Amino acid sequence: MVERGIEQALHEYKEGLGRLAKHLPEVAHAYNQFTGACFSEGALSLKEKHLIALALGVFSNDEYCIVYHTKGAVDNGASEQEVLEAAGVSAAFGGGMAMSQAVTVLLEALDELKGK
């Protein structure tokens with residue numbers, strides 16, 4: 001997936017949400033409201049929330065979430081070291097599956113983001 005590029009992957013995700021919204025507008029609206037509330041500033045910063053989410057994406061083997069939340073973490077000031085530590089915690093928790101995502105999809109996303 002990352003071979004296509006981060007921006008393309010994010011575009012595909014958003015395009016898919018748009019298609020879903022045409023068929024299930026209430027579901028799409030509720031989902032967007034819910035996730036918007038979850039990712040608003042609070043006791044945890046947006047950077048911290050995206051670091052948690054990228055670790056969960058790594059753990060759950062969700063490439064789109066890995067890319068989306070790696071970008072969100074970096075865009076909100078996360079360093080490469082912070083991103084990698086979050087991935088490391090996920091790998092410790094999730095074993096081989098999480099490690100394989102961390103050393104492929106997540107590293108490719110970081111490399112592409114650094115290239116900007």
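The values are calculated or read from the model by the stated rules, or taken from the named source; none is laboratory data. Model, not experiment: these values are computed from the prediction. Note that each Cβ is placed from the backbone with ideal geometry, even for glycine, and that neighbours are counted across all protein chains shown.
Looking at A28, is it part of a helix (DSSP H, G or I) and under 25 Å from G115 (Cβ atoms)?
no
Would the stretch 3-15 turn up any residue that is surrounded by 12 or more Cβ atoms within 10 Å (Cβ to Cβ), touching a Ser or Thr at 6+ places or on another chain (Cβ under 9 Å), among the aliphatic types (A, V, I, L, M) and modelled with pLDDT under 95?
Looking through the stretch 3-15, at least one residue is surrounded by 12 or more Cβ atoms within 10 Å (Cβ to Cβ), touching a Ser or Thr at 6+ places or on another chain (Cβ under 9 Å), among the aliphatic types (A, V, I, L, M) and modelled with pLDDT under 95.
Return the pair list, or none, for Cβ contacts closer than 7 Å from residues in the stretch 92-106 that are touching a residue at least 40 places away in the same chain (Cβ under 8 Å) and crowded, with 19+ Cβ neighbours inside 10 Å to residues that are in a helix (DSSP H, G or I) and hydroxyl-bearing (S, T, Y), at least 6 apart or on different chains.
These pairs meet every condition: A98/S90; A102/S90; L106/T70.
Given the criterion more than 16 Å from the chain's Cα centre (by Cα), on the phi > 0 side of the Ramachandran plot and at pLDDT below 95, identify the matching residue among G95, G115. So that I can check it myself, show each step before the final result.
Working: G115 fails: on the phi > 0 side of the Ramachandran plot.
Within the list G95, G115, the selection yields G95.
Within the group A28, A87, which residue is within 16 Å of the chain's Cα centre (by Cα) and either surrounded by fewer than 16 Cβ atoms within 10 Å (Cβ to Cβ) or modelled with pLDDT under 95 (or both)?
Among A28, A87, only A87 is within 16 Å of the chain's Cα centre (by Cα) and either surrounded by fewer than 16 Cβ atoms within 10 Å (Cβ to Cβ) or modelled with pLDDT under 95 (or both).
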